[in-house]
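A.B. asks: One structure, pasted below without further comment.
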């Protein structure tokens, strides 16, 4: 069946999410130590990522969890926590960008196909990132965690995409950086799949075989022309 739509993961597929998290954690750690957190910047950054690892990359009380174990006076603890939050946000606004070839490629694709995002990010965070990266206007459909309360590779986000687009699975090419979540889930839903190798950090599952692989986002143009 002829390709009619392209769907994408968001973090590490369209935007360099881990660069943003690393830079923002560095800035937050430095700000908290400067305000009196009694550990080194390196240890503070390590604790931030330990919390991400334990409670999830979208966890909303990270800096409270960094400060709380020191049992500091309340005003000192609040000052340190807020310094971390503000440094994180300032860095977020400065460094959250799409990969360099994403906007032009989406511009070319949008003239021929419907475009969609399926992300595990909460609704508010997904839209913040799309707007900050100047990508929000490219997509007909955005499916976030809060649309189904399920994370990939669960069927629900992909079924939501299919119902929203009113297309057959074979009419959609799904591109993502995580084999275990993005590619597995899309394949189980019957979609054609493309693995974004440039963004892959975790989720390497050799048992999952994508239909295509790309080294950079603009490689999609060649792949799409080959399957028409």
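We did not get these values from a lab; they are worked out from the coordinates using the rules stated. All values derive from a computational prediction rather than experimental measurement. No Cβ is skipped: glycine too gets one built from the backbone with ideal geometry, and neighbour counts run over all protein chains shown.
A.B. asks: Could you list, bin by bin from short to long, the percent of Cα-Cα pairs of the chain in 10 Å steps?
C.D. replies: Result, from short to long distances: 8, 31, 31, 18, 9, 3, 0 percent.
A.B. asks: How fast does segment 18-95 diffuse by Stokes-Einstein, in µm²/s, taking the Kirkwood radius from C-alpha pairs at 37 °C and 0.692 mPa s?
C.D. replies: In µm²/s, the coefficient rounds to 271.
A.B. asks: Divide, for segment 133-228, the radius of gyration over alpha carbons by 2.2 N^0.38 Å, where N is the residue count.
C.D. replies: On the way: Rg = 13.2 Å, N = 96, 2.2 N^0.38 = 12.5 Å.
That ratio works out to 1.06.
A.B. asks: Summing -39500 (n - 2.57) over the DSSP H runs of n ≥ 4 in the chain and dividing by its residue number, what mean residue ellipticity at 222 nm do you reach, to the nearest 500 deg cm²/dmol? Could the numbers behind the result be given before it?
C.D. replies: On the way: 10 runs with 108 residues, N = 228.
Helices in the chain give a 222 nm mean residue ellipticity of -14500 deg cm²/dmol.
A.B. asks: On to the next question. What is the spin-label model distance, in nm, from residue 3 to residue 197 if the labels are put 7 Å beyond Cα along the C-beta direction?
C.D. replies: Simple spin-label model gives 1.8 nm for this pair.
A.B. asks: Then there is this: Report, for the chain, the % of DSSP beta bridges that are antiparallel, rounded to 5. Numbers along the way, then the final one.
C.D. replies: Values: 1 of 20 bridges.
Of those bridges, close to 5 percent are antiparallel.
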